[in-house]
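The next block holds one structure in the form of structure tokens; read it before the comments.
The values are calculated or read from the model by the stated rules, or taken from the named source; none is laboratory data. Because the structure is a prediction, the values reported are computed rather than measured. Note that we place each Cβ from the backbone using ideal geometry, even for glycine, and neighbour counts take in every protein chain shown. In case anyone asks, the SASA skips ligands and DNA or RNA and just uses the protein heavy atoms, side chains included. Shrake-Rupley method; radii C 1.70, N 1.55, O 1.52, S 1.80 Å.
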Amino acid sequence: MLRRHARTSGARSLPCPPGPPTLPIVGNIMDMGTPSAWQKLAEYKKTYGNLVYFHGFGKSVLVINSLEAMNDLLDKRANKYSDRPMLIFGSELVGLNRTFALCDYGEEWRAQRKLAHAALGPAAVRDYVEAQEDIAAGLANDLLKTPEDFHNLIRVASGRIVITITYGTRPGATENGFVLIAEEVNRIGGEAAIPGAYLCDILPILKYAPSWVPFQRTAAYGRQAVHDMLNKPFDYVKKEMASGTAPPSLVQRLLSDPPENITNLEERIKAAAGTMYGAGAESTFSAVLTFVLAMALNPDKQRLAQAEIDRVVGMDRLPIIEDIPNLPYINAVIKETMRWNPSLPLGVAHRSSEDDVYEGYFIPKSTIVIPNVWAVAFEPNEKYDPHAFLPERFLDDSLPVVDPSTWAFGFGRRICPGRFLAENSLFIFAVTLLSAFDISPPENGEIKVHFKEFFISLLAPFDCCITPRSGAKANLVEMRAAQNAI
Ligand code: HEM
């Protein structure tokens with residue numbers, strides 16, 4: 001006991017990692033910078049190194065700018081770095097921490113995470129391949145009719161992949177209703193995550209304010225939305241299962257064949273399933289949209305990718321997920337898409353649950369730890385410009401480049417459980433679009449690129465032309481979409 005105390009107080013005498021100069025109370029936390037915080041944070045690397053430390057308003061934040069340090073802390077010391085930042089409004093008052101993506105590393109997280117593994121692991125995702133191919137074919141068919149609406153169509157298709165696989169829904173009013181509830185919860189969660197949006201996150205005592213105070217009313221509305229998001233689609237699956245009409249889905253699988261030793265099973269399935277839309281829809285959407293932009297801006301890469309599809313898949317069918325191992329250039333295009341504009345350039349923050357010492361620096365308990373994966377993606381390279389879209393960097397054995405799948409999906413025990421599903425989704429969307437369409441800049445030749453940035457780097461709507469490569473390809477899409485089971 002004595003020794004442990006001595007070690008802790010010794011650690012406390014070490015300096016925290018360096019960071020920009022500080023002021024009283026506010027510290028230096030305002031220097032983290034938004035929008036595009038990741039670029040500014042990566043620049044700090046030149047002055048302060050791989051670890052940059054911020055504090056202020058009673059919070060401490062460690063930004064990590066190197067893959068090695070991300071792995072050392074978030075993976076190798078996962079037992080100390082796997083909590084999530086606590087937001088009083090979003091987590092406690094609205095109840096978003098009922099879902100495991102936002103709850104601390106403990107019993108509840110472990111139980112829900114086990115459910116997610118059982119339903120989203122490499123073997124389980126094989127059951128969802130057909131639904132993903134159907135949704136990609138449906139998107140292509142919709143693009144034949146209203147190509148100018150591509151931004152919205154891709155958003156809907158990315159959300160549909162997640163909602164269909166989670167609950168086995170089919171297009172229609174019920175599915176749209178579930179999506180609307182989940183989007184409303186996303187909106188509330190997104191607002192709650194903006195630093196300083198709710199005073200109770202700065203002055204926690206305010207969480208006890210009476211129910212008529214405006215933020216408490218907003219919280220009550222949010223709680224109801226979370227309740228609906230968890231319960232309504234879950235009840236729908238149970239009804240479908242009772243009538244013998246439930247297609248394979250995450251909830252159907254977990255209810256009919258649950259992993260062993262999970263107590264409070266139904267409530268936990270509801271919460272685990274309720275996590276998926278918020279965690280998976282927008283990140284997939286962002287990646288697919290980036291892919292479309294990259295193709296419009298890089299016609300030479302697009303032609304190479306299309307030539308590979310035509311050669312390997314042929315001209316008389318659309319590609320399927322089974323084609324993945326046979327399309328190395330397409331796989332490189334997808335990796336480059338994830339690198340060139342990572343959907344989550346700052347990953348998802350973890351929080352430390354104990355004091356720690358790393359590289360001679362003291363990292364206090366409750367530090368919010370942000371992996372700036374953008375700094376890894378844009379690491380300067382003697383051969384390939386990090387700002388250019390060059391899939392070839394992933395096919396060049398002379399200069400190995402870090403594969404984005406090692407950082408884009410997060411770290412340690414919190415690593416994205418939807419990554420196998422997401423990789424299949426990105427592949428089937430990309431390959432279906434390239435097989436059937438040419439993607440090019442708008443007629444005036446100019447694409448104006450803006451980002452709606454905060455934690456997620458999402459492209460704002462932009463103009464581009466999506467035209468069928470031939471009448472035969474358009475027929476192929478229509479015929480494939482007509483066979484859709486969903
Ligand atoms: C391109 C698409 C996607 C990207 C880039 C992505 C990335 C990430 C990242 C960076 C994290 C945080 C990991 C960490 O804390 O270190 C995460 C967590 C998570 N993702 Fe994904 N994800 C994607 C798609 C999906 C999909 C499709 C699903 C579900 C169907 C999903 C479900 C989750 C869940 C549930 C978590 C929380 C895990 C936890 O806290 O234990 N993700 N994802």
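Okay, here's what the table says:
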{"item": "First in the stretch 405-422 and within 17 Å of ALA377 (Cβ to Cβ) and of a type in the set (D, E, K, R), second anywhere and near the ligand (Cβ under 6 Å from one of its atoms) and assigned to a loop (DSSP other than H, G, I, E, B), Cβ under 8 Å, 6 or more apart", "result": "ARG419/PHE409"}
{"item": "Extreme residue, nearest to VAL251 (Cα to Cα), among residues of the stretch 160-178 that are open to solvent by less than 10 Å² (accessible area, probe 1.4 Å) and more than 18 Å from the chain's Cα centre (by Cα)", "result": "GLY168"}
{"item": "Looking only at the stretch 372-415, and only at residues there that are of a type in the set (S, T, N, Q) and open to solvent by 30 Å² or more (accessible area, probe 1.4 Å), the one that is nearest to LEU73 (Cα to Cα)", "result": "THR406"}
{"item": "Cross-chain or 6+ apart pairs with Cβ under 6 Å, the stretch 156-179 first and closer than 12 Å to LYS232 by Cα, then hydroxyl-bearing (Ser, Thr, Tyr) and not in a helix (DSSP H, G or I)", "result": "TYR167/SER249; GLU175/THR169"}
{"item": "Residue within the stretch 377-385 that is within 13 Å of the ligand (Cβ to nearest atom) and either charged (D, E, K, R) or within 30 Å of ARG84 (Cβ to Cβ) (or both) present", "result": "yes"}
{"item": "All positions within the stretch 104-132 that are closer than 27 Å to GLN224 by Cβ, open to solvent by 10 Å² or more (accessible area, probe 1.4 Å) and not small (Gly, Ala, Ser)", "result": "ASP104, GLU107, GLU108, TRP109, ARG113"}
{"item": "Restricting the stretch 336-361 to residues that are open to solvent by 10 Å² or more (accessible area, probe 1.4 Å), over 15 Å from the mean Cα position of the chain (by Cα) and among the hydroxyl-bearing types (Ser, Thr, Tyr), the residue that is farthest from GLN39 (Cα to Cα)", "result": "SER353"}
{"item": "Top-ranked residue in the stretch 444-470 [being under 27 Å from VAL129 (Cα atoms) and at pLDDT 95 or above; ranked as nearest to the chain's Cα centre (by Cα)]", "result": "ILE466"}
{"item": "Some residue of the stretch 79-90 being closer than 26 Å to PRO248 by Cβ and in contact with a helix residue (DSSP H, G or I) (Cβ under 7 Å, 6 or more places away or on another chain)", "result": "no"}
{"item": "Residue that is nearest to the ligand (Cβ to nearest atom), among those in the stretch 112-159 that are more than 19 Å from the chain's Cα centre (by Cα) and not in a helix (DSSP H, G or I)", "result": "ALA123"}
{"item": "Hits in the stretch 442-477 (condition: open to solvent by 70 Å² or more (accessible area, probe 1.4 Å) and touching a helix residue (DSSP H, G or I) at 6+ places or on another chain (Cβ under 6 Å))", "result": "PRO461"}
{"item": "Residues of the stretch 421-440 satisfying the condition of being more than 17 Å from the chain's Cα centre (by Cα) and surrounded by fewer than 22 Cβ atoms within 10 Å (Cβ to Cβ)", "result": "ASP438, SER440"}
{"item": "Failed item in (1) free of Cβ contacts under 8 Å to residues at least 40 places away in the same chain; (2) assigned to a helix (DSSP H, G or I); (3) within 18 Å of GLU175 (Cα to Cα), with THR245 passing the rest", "result": "(2)"}
{"item": "Residue within the stretch 258-273 that is farther than 30 Å from GLY95 by Cα and open to solvent by 20 Å² or more (accessible area, probe 1.4 Å) present", "result": "no"}
